[in-house]
Each structure stands twice: as C-alpha cells, then as structure tokens.
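Notes follow the structure.
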Amino acid sequence: MPIGVLSKEGRKQVNSPIQVTRSSMPPFEEYIEEIRPLWESRWLTNMGSKHQELEKALEQYLQIPHVSLFANGHLALEAVLAAFRFPEGSEVITTPFTFASTTHAIVRSGLTPVFCDIDPVTWTMDPEKISELVTERTAAILPVHVYGTLCDVDAIQRTADQYGLKVIYDAAHAFGVTRDGVSAATFGDVSVFSFHATKVFHTVEGGAVCFQDSALRQRLESLKNFGFHNAEAVEAGGNAKLSEFHAAMGMCNLRHLEEEIARRGMVSKRYRELLGNVKGIRLRVGQRGVRPNYAYFPVVFDGYSYTREEVFERLKAQSINARKYFYPLTSSFPCYRDLSVAKSLETAVHIAEQVLCLPLYAGLALTEVEKICETIL
Ligand SMILES: *Cc1c(COP(=O)(O)O)cnc(C)c1O
C-alpha cells in the first residue's frame, strides 16, 4: 500500500516510515504446520529433527559437504576461530569495511585483527595488499563478501597458499550468491553465514558454518554444545545451538528463497534505472558469471551535488530511513583505538564516508523506490 493514502477500509494510513529493511515472513499457516510435530515430539532443541532437516537442505542448496548450524552468525565465526586452534597471539588479516561482528569475533577469540584496505570498485578486501601484511604470526585471512559482492576468491586463495594461511569467509551477506553456478559457500576453508532476521535468508536468529573437511564437524559440534563429545566434555565449549523453532523457520523460508531474491531483484532494478546514470553516484558493480542476491542497495556519493550526510538527512526528513552501512570502519571503533593499523586504509575510509544503504526488501513498492530516488535527485 502506498503511504499516505486512504486504505480500502477508508482508514487514513499514517505516513509510516520506510525502514532500510523488513524481515521476510513465510505464510503463517506454513510455519504452524512446520512446528506442529514439535507438540508431539517435545524435542525443542539440541539437534532435533528440524535441525537435521535444515542442515541437509542447506548442504544441498549450498552445494557443500558440511553445514553446521549455529544460534547466530557471530557465534559461528567465533567457533570457527576456536576450531582451528591458532597459536595464541596469531594475527588474522581482515577488512575493516564490515559489520562489527567480523572484527569482534577475531578479538574475542584472543587473536589480533590486521586490517587490509579494500578494492575501490568491489569494496571487498584488496588482494594486492594482503602480502605486505603477512608476518610470522599470521594464521588466517578473514575477508567479507560485503553486500553480497564476492571477494576476489582466486587471488586470495593464491596468497593464502603461498604463505600457508587458512581462509575463512564471512559470507553473512552472500546467501544464494553463485559464481558460474558454484555457491559462495564453497570458497576458502570455511564460509560463515548469518541467518539473522534482516538477512536474505533467515531463521529469526541463526547462522551456519560451511566446510569441506569432515574433521571440522566434530570440533564445531562440541564447541556449540558445551564441549561435549560422546557425553564427555572434551573442551571448554559454549552454547550456540539452533533451536527446532528456528530451524523450522529456516525450512519455510528456504522454500520461498527464490521468490524472495527475485522480488529484491525487481526493487534493485528500479533503483538502477533511476540512479544508474547519475553523475557522482556510484552503485555496486555487477560481477561476471555471478548471480547476485540483492542483499543491500549501497550507493556511494562521490562528487555528487549533495554529500552522503545531506542525502541521509533529506531522506530522514521524508521518513525514509537509509543506513550508513558500513560507517565507521571497525578499525575506528572506540574499543579498537589502541590497535595499531599497519597500513593505510585510504580506500576503505573514503568509501565508508560516502556510502549509504537505501531501503531494500522484497515487499518494497516500486512507487516507494521512485519516491526515494526523487528525494535523492
Ligand atoms: C549479520 C552479520 C554478522 C553476524 O551475524 P549474526 O547472525 O547477527 O550474529 C557477521 N558479519 C556480517 C558481515 C554481518 O552482516
């Protein structure tokens, strides 16, 4: 329903704000049917049948031998970092142009983040700049497929192989993205997804680790379940289990995923038609052979008539809530003030100061997209 008009019932619609995102929901009855068996089994969590069903379905969908579900993407990242048992004081080369979780996971695991600048076109980690950051303490590279744009996975792998480093992808934005038909979950040693309510595919809260090496499975499973293996605590694990209710939500949302991506694609297409050829406005690049998932619609105002701040404020005055995603860089967080940054993060600083994510979700009306673009223009 367009905002500010009379509904069929003759009720005046309040000018409700347009949020940057809105969670997708399966049909109510479908979810009810999905959870009905739980009233019989009374098995509500601890890797029950919905959990197993979802892991299998995701292994198939993501074309990966192993999926291990987690309570959220952040704990999945922490579990991966723990599972590799890197020596204390190890360094992890990562991007500062990301959500807080990526950097926090490294620090909370007792490791040191070493920030690498980003590529000016894809805004993902610049593979050319990794080598100069490698030291004898470097254990892994942790890049992010930011906004669902794939990293230069081939160049990153070459560098990792050269120095014997693990590659852990934060793939929180890349669910459903494929390159030449190959799922984003298959790159590097491990890919970590978030199934948070705001992501393209969600389980309300949730996450997953995707990997090829079967040896990792037992470690991840004990780490998310108090360190238990065969009823014995073999290590100091935490609790990061995904419940049956969350897994059921995932089963439902997976059935509607293609439709979800297609509807996001239509919104994205309208934005591109209206903003694609405007001087001083830069959009996310398309990548050869890559099927996007339209997770976000970031816009960079570089030499535009108005600054990012001005556009943000003007949208806000129209009750349109865009988001300064990802600003500031995680390397500029107050809690990381004492971390030394070895190399210049010039491009990342530049993009973070100019980027704005516009509202994008499956149900966003094209008339609303037009209103948003009119306001910007
Ligand atoms: C959402 C997100 C996470 C964390 O996922 P949660 O499921 O919310 O814990 C990690 N990294 C990135 C880049 C994200 O966007």
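Listing for the model above:
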{"item": "Which listed residue is open to solvent by 30 Å² or more (accessible area, probe 1.4 Å), modelled with pLDDT of 95 or more and part of a strand (DSSP E or B), from Arg282, Arg288", "result": "Arg282"}
{"item": "Output for the stretch 47-72, where each listed residue is within 16 Å of the ligand (Cβ to nearest atom) and either modelled with pLDDT under 95 or in a helix (DSSP H, G or I) (or both)", "result": "Leu54, Leu58"}
{"item": "Filter result (under 13 Å from Cys357 (Cα atoms), of a type outside the set (A, V, I, L, M) and part of a strand (DSSP E or B)) within the stretch 291-305", "result": "Phe297, Pro298, Phe301"}
{"item": "Hey, Ala233 among the aliphatic types (A, V, I, L, M), more than 29 Å from Asp126 (Cα to Cα) and over 22 Å from the mean Cα position of the chain (by Cα) or not", "result": "yes"}
{"item": "Residue tally, condition over 19 Å from Tyr306 (Cα atoms), hydrophobic (A, V, I, L, M, F, W, C) and in contact with a Phe, Trp or Tyr (Cβ under 8 Å, 6 or more places away or on another chain), over the stretch 258-293", "result": "2"}
{"item": "Flag for Glu132 being modelled with pLDDT under 95 and of a type in the set (Asp, Glu)", "result": "no"}
{"item": "Flag if Leu364 is buried (at least 20 other Cβ atoms within 10 Å of the Cβ), touching a residue at least 12 places away in the same chain (Cβ under 8 Å) and out of contact with any Lys or Arg (no Cβ under 8 Å at 6 or more places or on another chain)", "result": "no"}
{"item": "Spans of strands (runs of 3 or more DSSP E) in the stretch 165-241 with at least 1 residues without any contact (Cβ under 8 Å) to a residue 60 or more places away in the chain, more than 15 Å from the ligand (Cβ to nearest atom) and open to solvent by less than 20 Å² (accessible area, probe 1.4 Å)", "result": "166-170"}
{"item": "Single match in Leu75, Leu44, Leu38 (criterion: within 16 Å of the ligand (Cβ to nearest atom) and either surrounded by fewer than 16 Cβ atoms within 10 Å (Cβ to Cβ) or of a type outside the set (Ser, Thr, Tyr) (or both))", "result": "Leu75"}
{"item": "Sole residue being surrounded by 14 or more Cβ atoms within 10 Å (Cβ to Cβ), farther than 23 Å from Asp213 by Cβ and of a type in the set (Val, Ile, Thr), chosen from Thr94, Thr124, Thr135, Thr102", "result": "Thr124"}
{"item": "Residue that is nearest to the ligand (Cβ to nearest atom) [pool: residues in the stretch 78-114 that are β-branched (Val, Ile, Thr) and in a helix (DSSP H, G or I)]", "result": "Thr102"}
{"item": "First in the stretch 105-125 and among the hydroxyl-bearing types (Ser, Thr, Tyr), second anywhere and within 14 Å of the ligand (Cβ to nearest atom) and open to solvent by 30 Å² or more (accessible area, probe 1.4 Å), Cβ under 6 Å, 6 or more apart", "result": "Ser109/Glu78"}
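The values are calculated or read from the model by the stated rules, or taken from the named source; none is laboratory data. What you see is a predicted model, and the numbers here were worked out from it, not measured in a lab. We place every Cβ from the backbone using ideal geometry, glycine too, and count neighbours over all the protein chains shown. In case anyone asks, the SASA skips ligands and DNA or RNA and just uses the protein heavy atoms, side chains included. Shrake-Rupley method; radii C 1.70, N 1.55, O 1.52, S 1.80 Å.
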